[in-house]
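The values are calculated or read from the model by the stated rules, or taken from the named source; none is laboratory data. Note that the structure is predicted; figures quoted are calculated from it, not measured. Every residue, glycine among them, receives a Cβ derived from its backbone with ideal geometry; neighbour counts consider all protein chains shown. Only protein heavy atoms, including side chains, enter the accessible area calculation; ligands, DNA and RNA are left aside. Shrake-Rupley method; radii C 1.70, N 1.55, O 1.52, S 1.80 Å.
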Amino acid sequence: MIDLMPKTEEEASVIVRAHAEAGRPLAICGGDSRSGFGNAIAAEDRLRSNEISGIVAYNPGEMVMTVRSGTPLAEVEAALSESGQMLAFEPMDHRPVMGTSGEPTIGGVFAANVSGPRRLIAGAARDSLLGVRFVNGRGEIIKAGGRVMKNVTGLDLAKLIAGSHGTLGFLTEVTFRVPPRPKTERTVVLSGLNDAEAANAMAAAMALPVEVSGAAHLPLTVTWKFLAGTLPEGEATVLRIEGLAGSVDVRVEKLVAAMSAFATVTRLEQPESSRLWQEIRDVLPYADDTARPVWRVSVAPGTGHQLVAALRLEAGIDAFYDWQGGLVWMRMEAGPEAELVRRYIKALGGGHATLIRASGEARAVTSAFHPEPEAVAMLSRRVKEKFDPAGIFNPGKMG
């Protein structure tokens, strides 16, 4: 595959226009840290954003940052950390679980709509996005959205680009909100609850006026893999509280008092708490240097444990839960079992199952993305035709 690495938006435009006129497909890529994700792409040339890099505008007082898409995520997070700010959606690093290398870019984060544990209160990556610049399938440079929420022109277009995985356009610049970083955090650990009991406890915790910013359940099969095996014995249901130190102290005590009715409760202080949520975010238990299939399943919070219980009657499966049980990370012991997984999701009220990792042979016969209802699929095709009429961007990646 030939790598094409424009240094400017204008150079990217010329490349795209030439490929569109020739009907020559392009694989769209950032830092290549999610290499192999999605369905196979039918393209011989790869358009990469790495050279379109750098922070364009950042005034911490405005809590908004504009960055070129090929900028390493680490560079963005370092600049934010210096100013006491953060990416609210806590993007995961796919490299450990996918066994890839490369350097995650900020454009790739938004293109894949990557979100971590804080999503349940802060929203996904697209919810922080205010504006984008991108090259469409005709080679035209498009600007959508802006640096303030009052400027809604093109805002929906910007959010449409997020999560499109490079199938609608080649991102060159993103503008997004950057709220203050919490001064401290602490995690309350409930020990010994089974999956169903944990779902009830997490629901109760989220209903309390204590602003829980992370809610996950770690069954026995994975608990020992977190914090180098130092979590309390038994299953662990973990609840994070963040903010100013005094506020955190008060809210933690309220949470502990309420959760003591469900299980034995312990606390993790900031260093261990921060490390735990990073390990949850990056799916540490399944970063095992294998190609055993890993699914990322999004369902209603109360049905995640029901899905896992049903699947265990028919397939070998390990799982743990984030987002109050609404995000289920599942590792299959044999094949992906896509038909089985998606059939049970539908039976339990719907959701989405995305194949994150699998062998090349399994990927060749398994759709990575959840099938869309026909009406939605028709709308998706029409959107694709408007953005990329020649169909040159990542053909086949999303189906």
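Being modelled with pLDDT under 95, surrounded by 19 or more Cβ atoms within 10 Å (Cβ to Cβ) and under 22 Å from the mean Cα position of the chain (by Cα) is the requirement here; does Gly38 meet it? Break it down stepwise before answering.
Details: modelled with pLDDT under 95: yes; surrounded by 19 or more Cβ atoms within 10 Å (Cβ to Cβ): yes; under 22 Å from the mean Cα position of the chain (by Cα): yes.
Considered against the rule, which asks whether it is modelled with pLDDT under 95, surrounded by 19 or more Cβ atoms within 10 Å (Cβ to Cβ) and under 22 Å from the mean Cα position of the chain (by Cα), Gly38 comes out as yes.
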How many residues are open to solvent by 10 Å² or more (accessible area, probe 1.4 Å) and within 24 Å of the chain's Cα centre (by Cα) when one looks only at segment 191-218? 5
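Got at least one residue in segment 131-153 being acidic (Asp, Glu), under 25 Å from Val283 (Cα atoms) and in contact (Cβ under 8 Å) with a residue 12 or more places away in the chain? Can you show your working first?
Here is the first cut: in segment 131-153, the ones acidic (Asp, Glu) are 140.
When the remaining residues are screened for being under 25 Å from Val283 (Cα atoms), the result is none.
The answer is no; no qualifying residue exists.
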Is it the case that Arg48 is under 20 Å from the mean Cα position of the chain (by Cα) and either free of Cβ contacts under 8 Å to residues at least 40 places away in the same chain or open to solvent by 30 Å² or more (accessible area, probe 1.4 Å) (or both)? no
If you go through segment 235-247, how many residues are over 20 Å from Arg181 (Cβ atoms) and either open to solvent by 20 Å² or more (accessible area, probe 1.4 Å) or hydroxyl-bearing (Ser, Thr, Tyr) (or both)? 2
Could you tell me which numbered condition Gly116 fails, if it satisfies all but one of (1) within 30 Å of Tyr286 (Cα to Cα); (2) open to solvent by less than 50 Å² (accessible area, probe 1.4 Å); (3) free of Cβ contacts under 8 Å to residues at least 24 places away in the same chain? (3)
Pairs returned, first residue in segment 361-383 that is β-branched (Val, Ile, Thr), second residue that is part of a helix (DSSP H, G or I), beta-carbon separation under 6 angstrom, 6 or more apart or interchain, are Thr366/Ala338
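Being among the aliphatic types (A, V, I, L, M) and open to solvent by less than 40 Å² (accessible area, probe 1.4 Å) is the requirement here; does Ala291 meet it?
Values: among the aliphatic types (A, V, I, L, M): yes; open to solvent by less than 40 Å² (accessible area, probe 1.4 Å): no.
Here the answer is no, as Ala291 does not meet what is asked.
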Near pairs, Cβ below 8 angstrom, 6+ apart or cross-chain, from segment 229-251 (within 25 Å of Phe320 (Cβ to Cβ)) to any residue that is assigned to a helix (DSSP H, G or I) and among the β-branched types (Val, Ile, Thr): Leu231/Thr223; Gly234/Thr223; Glu235/Thr223; Ala236/Thr223; Val238/Ile280; Ile241/Val248; Ile241/Val252; Glu242/Val248
Long-range neighbours under 7 Å by Cβ, at least six apart or interchain, first residue within 20 Å of Val308 (Cβ to Cβ) within segment 203-226, second surrounded by 15 or more Cβ atoms within 10 Å (Cβ to Cβ) and hydroxyl-bearing (Ser, Thr, Tyr): Ala216/Tyr321; His217/Thr237; His217/Tyr321
For the subset of segment 348-373 comprising residues that are more than 20 Å from the chain's Cα centre (by Cα) and within 30 Å of Val212 (Cα to Cα), which member is surrounded by the fewest Cβ atoms within 10 Å (Cβ to Cβ)? Gly349
Ser83 being surrounded by fewer than 17 Cβ atoms within 10 Å (Cβ to Cβ), closer than 30 Å to Gly243 by Cα and either in contact with a strand residue (DSSP E or B) (Cβ under 9 Å, 6 or more places away or on another chain) or at pLDDT below 95 (or both): yes
Listed by first then second residue, the pairs whose first member lies in segment 56-79 and is among the polar types (S, T, N, Q), whose partner is in a helix (DSSP H, G or I), with beta carbons under 6 Å and at least 6 positions apart or on separate chains, are Ser69/Gly107; Thr71/Ile106
Looking at (1) open to solvent by less than 60 Å² (accessible area, probe 1.4 Å); (2) touching a residue at least 40 places away in the same chain (Cβ under 8 Å); (3) within 23 Å of Ala196 (Cβ to Cβ), find the lone condition where Ala315 falls short. (2)
